[in-house]
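Taking it in order: structure first as structure tokens, then the write-up.
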Amino acid sequence: MNSRHKTISKTFVAFLVISGLMLAPHFISAQMPEYLIDNKDVYNNKKKPAVLLDHDLHMAVADCMDCHHHYIDGENVLEYFDLYEGAEGVLCRDCHAEPGTRFREDHDPTVKDLELAYHSQCIGCHREMAGQNATGPRTCIGCHQE
């Protein structure tokens, strides 16, 4: 193998390694297969049990950006590479809740609180999918199970 081929081979291998490292957060830090949505610090007097979200199931029927979003001027500006475990602004609570602020008087009514954000996103999608013969909970007890 001449030096030109060796250089091309090394460059290709370097490209693969760098590409793998750039994509690693998507594969290494992907969401757990199931995720408990509890938010005890936001809801001081919870009346319903936490929700166990089957993330793998949702990934099979929806695109990441169907749930995860950051809207600016009506456009979702969140990118796929923003979605890794621990990333700021990925969880609903990152934008729709502050600990212990559910009933604060200075709550901005133009921003959905966490409960409304979950309910409109989750129930809205489940009801929309029901029209396409999809199964999935559409009532409180369907998600809030013991």
**Asked** Going through segment 4-40 one residue at a time, which ones are assigned to a loop (DSSP other than H, G, I, E, B) and modelled with pLDDT under 80?
**Response** Ser29, Ala30, Gln31, Met32
**Asked** within 19 Å of Ile72 (Cα to Cα) and either modelled with pLDDT of 80 or more or assigned to a helix (DSSP H, G or I) (or both): does that describe Asp94?
**Response** yes
**Asked** What are the residues in segment 131-146 that are touching a residue at least 60 places away in the same chain (Cβ under 8 Å) and within 14 Å of Val61 (Cα to Cα), if any?
**Response** Ala134
**Message:** Can you pull out every residue in segment 124-137 that is over 20 Å from His68 (Cα atoms) and either surrounded by 11 or more Cβ atoms within 10 Å (Cβ to Cβ) or of a type outside the set (Val, Ile, Thr) (or both)?
**Reply:** Ala130, Gly131, Gln132, Asn133, Ala134
**Request:** Could you please tell me which pairs satisfy a Cβ distance under 6 Å, a separation of 6+ or placement on different chains, a first residue in segment 69-86 that is more than 18 Å from Ala117 (Cα to Cα), and a second residue that is outside any loop (DSSP other than H, G, I, E, B)?
**Result:** Leu83/Cys64; Tyr84/Pro25
**Message:** Condition (residue is of a type in the set (S, T, N, Q), surrounded by 13 or more Cβ atoms within 10 Å (Cβ to Cβ) and either modelled with pLDDT under 85 or within 27 Å of Pro137 (Cβ to Cβ) (or both)) applied to segment 106-123: is it met by at least one residue?
**Reply:** yes
**Request:** Would you check if there is a residue in segment 65-72 being in contact with a Gly (Cβ under 7 Å, 6 or more places away or on another chain), under 20 Å from Pro33 (Cβ atoms) and modelled with pLDDT of 85 or more?
**Result:** no
**Asked** Scanning segment 127-140 for residues that are more than 22 Å from Val42 (Cβ to Cβ) and either at pLDDT 85 or above or assigned to a helix (DSSP H, G or I) (or both), which turns out farthest from the chain's Cα centre (by Cα)?
**Response** Ala130
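The values are calculated or read from the model by the stated rules, or taken from the named source; none is laboratory data. Quantities reported herein were computed from a predicted structural model and do not represent experimental measurements. In this analysis, Cβ positions are derived from the backbone assuming ideal geometry, glycine residues included, and neighbour counts consider all displayed protein chains.
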